[in-house]
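**Student:** Right, I'll just put the structure down here and ask away after.
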Amino acid sequence: MGNKLVMRMLFRLLALFALTLVAACGPEPSAPEPEHGPAIWRVQQGMLDGWIFGTIHVLPKGVAWQTRAFRDAIGQADRLVLEAADLQDSQKTLALFEKMGRSPGLPPLEARIAPADRGALEQIVASGGTSTQALAGYESWAAAMLLSAATQQALHVSQDNGVEPALIAAFKAEGKPIGGLETVERQFAAFDTLPEAAQRRLLAQTVREAKDMRALYDRILNAWMKGDMAAIAKEDEIGEQPDPLVEEAVLIARNRDWVKAIEPMTGRPFIAVGAGHLTGRDNLIDLLKAKGFSVTRMQ
């Protein structure tokens, strides 16, 4: 998996506190049902008969992505299972980010990247309405997320328009419970426990790829809307090679943990996770199949 997947992870985790960092874009207007839709799988084993849905966490206003197959699945489901149920609590999420992402006595942000990348760093912070001084108190992984937030503002996308708020609203309206495969703290810990050298590589990659974020996001959005997992996987072949420590901590280890969380499940859960976890090496779909689950693509 390539560094483009790392960027998708930053967008995904950014969605956990986007309500605080990014201005809301307002309600999504009505739109016609799309001809194709994002990928959905039926997952079955024993007393479990549920669904896995690949999400994208930030969207422009007015994107039509809910198909009849999607609505039928959530209508039949008995509960929603997100990556982290506590993502609904934006204040708690931001408090955790501040607690885990800050440390005293850190070197200046400019000192953590190569001199050749400092011009790009200054452009990001200037366009995002912040400064390197304001970000200097954050650990390198957290600074990378905040720089990604600054980049996101130029894309005019919002978590408000993303998949998770729509799912949460639908299940709450039906009085169905909402759970999670892990906690927000576990998500941040995947980054927070990385060695500093790996964090700095992630920071540098975030800076270098910011200028191409618009094109990257558009390609991923187009592929997601069509359920084209091959196109999403192909993005991982573009750009810099992945940092093995980041790949293991943020993707693969968490996918393995999610399999353990799904194994004891019964009933009809609708499991919604970022689409980046459903393609590439040791993705969630393949790991479930290896454990004997029947996983069938239905959209």
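**Student:** Here is a list: 34, 38. Which entry is modelled with pLDDT of 85 or more, part of a loop (DSSP other than H, G, I, E, B), touching a Ser or Thr at 6+ places or on another chain (Cβ under 8 Å) and more than 30 Å from residue 129 (Cα to Cα)? Spell out the reasoning first.
**Tutor:** Working: 34 fails: modelled with pLDDT of 85 or more.
Testing whether each residue is modelled with pLDDT of 85 or more, part of a loop (DSSP other than H, G, I, E, B), touching a Ser or Thr at 6+ places or on another chain (Cβ under 8 Å) and more than 30 Å from residue 129 (Cα to Cα) leaves just 38.
**Student:** Something else about it: Only residues in region 223-250 that are surrounded by fewer than 20 Cβ atoms within 10 Å (Cβ to Cβ) and part of a helix (DSSP H, G or I) count as the first member; pair them with residues that are of a type in the set (Lys, Arg) and at pLDDT below 75, Cβ under 7 angstrom, at least 6 apart or cross-chain, and list the lot.
**Tutor:** none
**Student:** With the requirement that a residue be farther than 28 Å from residue 113 by Cα, without any contact (Cβ under 8 Å) to a residue 60 or more places away in the chain and outside any loop (DSSP other than H, G, I, E, B), what does region 141-186 give you?
**Tutor:** 165, 169, 172, 173
**Student:** Would you please name the residue that is modelled with the lowest pLDDT, looking only at residues in region 222-239 that are more than 17 Å from residue 277 (Cβ to Cβ) and out of contact with any helix residue (DSSP H, G or I) (no Cβ under 7 Å at 6 or more places or on another chain)?
**Tutor:** So in region 222-239, the residues more than 17 Å from residue 277 (Cβ to Cβ) come out as 222, 225-226, 237-239.
Imposing the further condition that a residue be out of contact with any helix residue (DSSP H, G or I) (no Cβ under 7 Å at 6 or more places or on another chain) reduces the set to 222, 225-226, 237.
Values: 222: 90, 225: 93, 226: 93, 237: 66.
The selected residue is 237.
**Student:** Name every residue in region 63-88 that is outside any helix (DSSP H, G or I) and without any contact (Cβ under 8 Å) to a residue 60 or more places away in the chain, in order of residue number.
**Tutor:** 64
**Student:** Then there's this: Would you please name the residue that is nearest to residue 87 (Cα to Cα), looking only at residues in region 140-194 that are in contact with a His (Cβ under 9 Å, 6 or more places away or on another chain) and at pLDDT below 85?
**Tutor:** For region 140-194, the residue satisfying everything is 159.
**Student:** Given the structure, is residue 111 among the hydrophobic types (A, V, I, L, M, F, W, C) and under 25 Å from residue 224 (Cα atoms)?
**Tutor:** No, not satisfied.
**Student:** Related question: Of the residues 261, 275, which is touching a residue at least 40 places away in the same chain (Cβ under 8 Å), in contact with a Pro (Cβ under 9 Å, 6 or more places away or on another chain), under 22 Å from residue 163 (Cβ atoms) and of a type in the set (A, V, I, L, M)?
**Tutor:** After applying the criteria, what remains is 275.
**Student:** Ok, one more. Restricting attention to region 66-90, report how many residues are over 16 Å from the mean Cα position of the chain (by Cα), modelled with pLDDT under 95 and among the acidic types (Asp, Glu).
**Tutor:** The number of residues fulfilling the criteria is 1.
**Student:** Please find, within region 165-205, the residue that is surrounded by the fewest Cβ atoms within 10 Å (Cβ to Cβ) out of those that are touching a Ser or Thr at 6+ places or on another chain (Cβ under 6 Å) and not aliphatic (A, V, I, L, M).
**Tutor:** Step one: of region 165-205, the residues touching a Ser or Thr at 6+ places or on another chain (Cβ under 6 Å) are 184, 199-200, 203.
When the remaining residues are screened for being not aliphatic (A, V, I, L, M), the result is 199-200.
On the way: 199: 23, 200: 19.
Here the residue is 200.
The values are calculated or read from the model by the stated rules, or taken from the named source; none is laboratory data. Note that the coordinates shown come from a computational prediction; the quantities given were computed from them, not determined experimentally. Every residue, glycine among them, receives a Cβ derived from its backbone with ideal geometry; neighbour counts consider all protein chains shown.
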